[in-house]
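Novice: The structure's right below; bear with me while I get my questions together.
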Amino acid sequence: MMKSTHIKLSKDALKSNWDFLREYFKDKKLSAVVKGNAYGHGIEEYVTMAEQCGVNHFSVFNAEEALRVQQTVAENTTIMIMGAIEDEDLAWAIENDIQFYVFNMERLHAAIKAAAVTGKKALVHIEMETGMYRMGFEQSMIPELTDTFKNNTDTLVFQGLCMHFAGAESITNYFRVKKQKINFKRALKQFKSLGLEPNMIHTCCSAAAVRLPDMHYDMLRIGIMQYGFWPSPEILIEYLNKYKTVQSPLRRIISWESKIMSLKLVPPGEFIGYGSSYFAHQEIHVAVVPVGYAHGFSRSLSNTGHVLIDKMRAPVVGTVNMNCVVVDVSNIPDVRINDKVTLIGEQGEQEITVASFGELSSQLNYELLTRLPMDIPRLIV
């Protein structure tokens, strides 16, 4: 069955992004963060493309995402769970050499038990609380952690020491981020003073990787940048100013398309769609596109959003419905049923970016992308 809408993913754009990231971050190991269904791009499709670009380390949020990556990647690829994993899934993770964050003693002891059952060591990354106040061990727990690792060398590997910055993409968080840096460095120093060191250290997401080179350590967890987006306009401007350029080196790999389902003439004096949010003051020609808020096209785009048809912009008129949207095509000649509609992407010299789409709908890039339903087909082009 054909779907009413589909997403395209560009292999060339992705290769360009990874070439840039490797050159920009030099010799640092890079982990591709594919949580949130690979930021809406589709885990299976994206991971396949990324492996072809030489990526061999993927970070996910939970065990379900880890399984999807594992079922897609080659055997020598590393998978790291940064968030949720149930105790009953720990044995599976350990058996399959899947690494995972530990941020409380309950999970650490559960990992020890699961490792004893499987006969393999658990590859754990200790997450420190540095000021994010979400997950992580307090520095006061370091002596107990050290003793636990030293007493369980047959079941535990101190694979990593890590943290997460609370908003490195915005200068308004400068003092908070600075304090986090200090706290993490203190924790690392204390571990070393107690005779325990991790195999690797990692602290940076995309924004922190750009803004905080002194916190790069051994690996960078690259999320939004690999997909062709900057963490914030502020980070982009900082990059452009630093390198005295006006062109972003990142390329968006995603585009979103549908087609015209129906055409209709609306006489003057009539309302369009549900309610009375749009009144036709004159005769207008409208097209119905089979995409609505059930597909991630936000209702806040009612009477404000645009699509591209025949290389021209067509404004949304009326309220965005669950499964369709109506657009004004009065100024687009020779419009026909089944003409291509671009919701995000380019047609000719016109473009609707995720950023502009997001600003109109009051959604962040991250939010808009991850809300794209998983059942929309993702096509690699």
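Novice: Taking every alpha carbon pair in segment 124-187, what does the distance histogram look like in 5 angstrom bins from 0, in percent?
Specialist: All Cα pairs, binned at 5 Å, distribute as 4, 17, 24, 22, 15, 9, 5, 3, 1, 0 percent.
Novice: Related question: Are there chymotrypsin sites (Phe, Trp or Tyr not before Pro) in segment 185-267 that DSSP marks as loop and that have at most 15 other Cβ atoms within 10 Å, and which are they?
Specialist: Tyr243
Novice: Can you pull out the GluC sites (Glu not before Pro) in segment 108-197 whose DSSP state is coil and whose Cβ has at most 16 other Cβ atoms within 10 Å?
Specialist: Passing both the DSSP loop test and the Cβ count: Glu138.
Novice: Aspartates and glutamates within cross-link reach of Lys181: Cα-Cα under 13 Å, excluding same-chain residues under 8 positions apart?
Specialist: Leaving aside aspartates and glutamates fewer than 8 places away in the same chain, those within reach of Lys181 are Glu129, Asp214.
Novice: So if we plug the beta-carbon distance of Ser140 and Asp12 into 1/(1 + (r/R0)^6) with R0 = 45 Å, what FRET efficiency do we get, rounded to 0.05?
Specialist: Calculated value: 0.35.
Novice: Counting C-alpha atoms alone, how compact is the chain: give Rg to one decimal and Dmax as a whole number, in angstrom.
Specialist: That works out to 24.1, 80 Å for Rg and Dmax.
Novice: Here's something else I'd like to know. Which distance in nm do the two modelled labels at His109 and Val381 give, with both placed 7 Å along the Cα-to-Cβ direction?
Specialist: Using points 7 Å along Cα→Cβ, the separation is 5.5 nm.
Novice: Let me ask another. State, to one decimal in nm, how far the label point of Gln190 lies from the label point of Thr304, with both points 7 Å from Cα in the Cβ direction.
Specialist: In this crude label model, Gln190 to Thr304 measures out at 4.6 nm.
Novice: When the chain is fully extended, how far beyond the present Cα-Cα distance does Asn151 get from Gln350, taking 0.36 nm per residue of separation?
Specialist: That pair, Asn151 and Gln350, stretches by 65.4 nm at full extension.
Novice: Return the percentage of antiparallel bridges among DSSP beta bridges fully within the chain, rounded to the nearest 5 %.
Specialist: Once the DSSP bridges in the chain are tallied, antiparallel ones form about 50 percent.
Novice: Ignoring everything but the protein chains, give the 1.4 Å probe accessible area of Leu240 in square angstrom, nearest 10.
Specialist: 30
Novice: Moving on to the next point. Run the reach check for Lys178 against lysines, Cα to Cα strictly under 26 Å, same-chain hits fewer than 8 apart removed. What comes back?
Specialist: Cross-link targets: Lys26, Lys28, Lys29, Lys189, Lys192, Lys242.
Novice: Which part of segment 197-228 falls in the paramagnetic zone of Lys29, meaning amide N under 17 Å from the point 7 Å along Cα-to-beta-carbon?
Specialist: Within reach of a label on Lys29: 197-205, 215-223.
Novice: While we're on this one: As an exercise, use a Förster radius of 30 Å and the Cβ-Cβ distance of Met312 and Glu234 to find the FRET efficiency, rounded to the nearest 0.05.
Specialist: 0.40
Novice: Probe radius 1.4 Å, ligands and nucleic acids left out: which of Val117, Val307 has the largest accessible area, and how do the rest follow?
Specialist: In descending accessible area the options line up as Val117, Val307.
Novice: What does the net charge come to around Ile43 if you take all other residues with beta carbon closer than 15 Å to its beta carbon, with K and R at +1 and D and E at -1?
Specialist: -3
Novice: In the chain, which whole DSSP H runs stretch at least 24 Å along their own axis (Cα) and average 1.6 or higher on the Kyte-Doolittle scale?
Specialist: none
Novice: Of Val307, Gly318, Ile344, which is farthest towards the positive pole of segment 299-359's charge dipole, taken about the Cα centre with +1 and -1 on the beta-carbons of Lys, Arg and Asp, Glu respectively?
Specialist: Of the options given, the answer is Gly318.
Novice: Separate question: What does the net charge come to around Pro143 if you take all other residues with beta carbon closer than 14 Å to its beta carbon, with K and R at +1 and D and E at -1?
Specialist: Around Pro143, the surrounding residues sum to +1.
Novice: Just subtract the alpha-carbon distance of Phe271 and Asn56 from 0.36 nm times their residue separation and send over the number in nm, one decimal.
Specialist: Gain on stretching Phe271 to Asn56: 72.0 nm.
Novice: Also: What is the list of residues in segment 294-308 whose amide nitrogen lies under 13 Å from a point 7 angstrom out from the Cα of Glu367, following Cα to Cβ?
Specialist: In segment 294-308, the label zone of Glu367 (backbone N under 13 Å from the point 7 Å along Cα→Cβ) covers 298-301.
Novice: Taking a cut-off of 20 Å between Cα atoms, list the lysines near Lys311, but don't count ones fewer than 8 places away on the same chain.
Specialist: Lys8, Lys259, Lys340
Novice: Among Val117, Phe25, Gln70, whose Cα lies farthest out toward the positive end of the dipole of segment 1-127, if unit charges sit on the beta carbon of Lys, Arg (+1) and Asp, Glu (-1)?
Specialist: Projecting each Cα onto the dipole axis, the largest value belongs to Phe25.
Novice: Still on this structure, please answer the following. Do any trypsin sites (Lys or Arg not before Pro) in segment 221-314 lie in a loop, going by DSSP, with at most 11 other beta-carbon atoms within 10 Å of their beta carbon, and if so which?
Specialist: Counting only loop positions with at most 11 other Cβ atoms within 10 Å, the trypsin sites (Lys or Arg not before Pro) in segment 221-314 are Lys244.
The values are calculated or read from the model by the stated rules, or taken from the named source; none is laboratory data. Bear in mind that the values here come from a model prediction, so they are computed numbers and not experimental data. Heads up, the Cβs are rebuilt from the backbone with ideal geometry, glycines too, and the neighbour counts pull from every protein chain shown. Areas reflect the complete protein model, heavy atoms only, side chains present, ligands, DNA and RNA absent. Shrake-Rupley method; radii C 1.70, N 1.55, O 1.52, S 1.80 Å.
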